Structures are given as structure tokens and as C-alpha cells.
Amino acid sequence: MLLGCTALCSLLLVSCTSGQDNRPKGAASSASSSAHAPSQQRTEKKLAAEARTAVDGTAVEEKLVESGVERVPDGVRSEPFLHEKDEYRLTVACAGDGDVRITFTPAVGIATKSLPCDRSVVSERFVAPGSVRLDITGGQGASGMIAWRISKI
């Protein structure tokens, strides 16, 4: 009995560890398909750092209300708590490809803007009308990272 059990275990061990690939021809391995994820993460981290540096390079002594860094395809949607009639500054930078569109609802005296994702920075002052929503959306085919900041002046 012991000999039969040993033979069965050996057979199972050989079949589990044989290098034979039973996948259909043309099927990608999970290791090769996920190999691009770390590269994409490194690129996103690099672009996020570039966009954040561009926004931080314009910082003056203002009180931060809120800020963030988002992927261009995800966009930015924020409803910050702003005091009516107080003055604020919005600063946005985008690093990557394509462009993003910046919109306030309701309008705060800043026309909807388009910003190229070439590390350009836009900085606009506005007076809060009370409740406001900020939307930053990527244009068709745009990619990269958006850094943004709202400060009280």
C-alpha cells in the first residue's frame, strides 16, 4: 500500500511540475499581460510628479482649500466648500498627451478653458458665488496626469 501511495504522489508531482503549457495557442500568459502594469504605474508616478511640481511652482502664501492629482481619463470632479464672495485661485497643470477642459458650474467669471497636457499651467482668480462645482475632463485620446489646487487669497 505504501508503495502504491508513493507511486501516485510521484505521478501527481511530475504532472503538476512538468513545464508543459496547456493553454490554447495564441493565449497570453498572465505574467506577460501584467508586465505592462508596473511600467504604466512608473509613468503615471512620473507624470503626476511633473504636474504637481508645475502646480507647486506657482504657489504663493495662500491658504490651501483643496488639491489633488488625478488620471486624465478619470478627470476631476469637486464641489469645494467655498465662502461666498471670498476670492480664490485655481491652479491646474497637466502632464501627458492631449488636452483637458476646465469648467466651473455655475460660471465664476472664468470662461471654460482648454489646457494642453504639456506641463503648461493655468492659474485663475475668481470670487466664489457660494456653491460651485469644478470639472476637469480629458479631451478625446488624452492621457496623463492632472494636478490642481484651489487656494483662498
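The values are calculated or read from the model by the stated rules, or taken from the named source; none is laboratory data. Quick caveat: nothing in here was measured; it's all calculated off a predicted structure. Positions of Cβ are backbone-derived with ideal geometry, glycine not excepted, and every protein chain shown enters the neighbour counts.
Couple of notes before you dig in:
- Some residue of the stretch 123-144 being touching a helix residue (DSSP H, G or I) at 6+ places or on another chain (Cβ under 6 Å), of a type outside the set (Gly, Ala, Ser) and within 16 Å of GLU70 (Cβ to Cβ): no
- The set of residues in the stretch 56-89 that are in contact with a Phe, Trp or Tyr (Cβ under 7 Å, 6 or more places away or on another chain) and closer than 22 Å to ALA142 by Cβ comprises SER67, GLY68, VAL76.
- Test: residue in the stretch 62-80 that is at pLDDT below 95, over 16 Å from the mean Cα position of the chain (by Cα) and among the small types (Gly, Ala, Ser): no
- Check on ALA54, modelled with pLDDT of 70 or more, more than 23 Å from GLU87 (Cα to Cα) and surrounded by 10 or more Cβ atoms within 10 Å (Cβ to Cβ): no
- Filter result for SER114 (free of Cβ contacts under 8 Å to residues at least 40 places away in the same chain, among the hydroxyl-bearing types (Ser, Thr, Tyr) and either at positive phi or in a strand (DSSP E or B) (or both)): yes
- When the stretch 97-111 is limited to residues that are part of a strand (DSSP E or B) and more than 18 Å from the chain's Cα centre (by Cα), the one that is nearest to ILE153 (Cα to Cα) turns out to be PHE104.
- Selection of the stretch 137-153 for residues being loosely packed, with under 15 Cβ neighbours inside 10 Å and either within 17 Å of the chain's Cα centre (by Cα) or over 22 Å from LEU82 (Cα atoms) (or both) yields GLN140, GLY141.
- Total residues in the stretch 122-136, condition in a strand (DSSP E or B) and either buried (at least 17 other Cβ atoms within 10 Å of the Cβ) or at pLDDT below 90 (or both): 4
- Restricting the stretch 49-96 to residues that are aliphatic (A, V, I, L, M) and in a helix (DSSP H, G or I), the residue that is farthest from ASP135 (Cα to Cα): ALA49
- Restricting attention to the stretch 67-111 and to residues that are free of Cβ contacts under 8 Å to residues at least 12 places away in the same chain and aliphatic (A, V, I, L, M), the residue that is surrounded by the fewest Cβ atoms within 10 Å (Cβ to Cβ) turns out to be ALA111.
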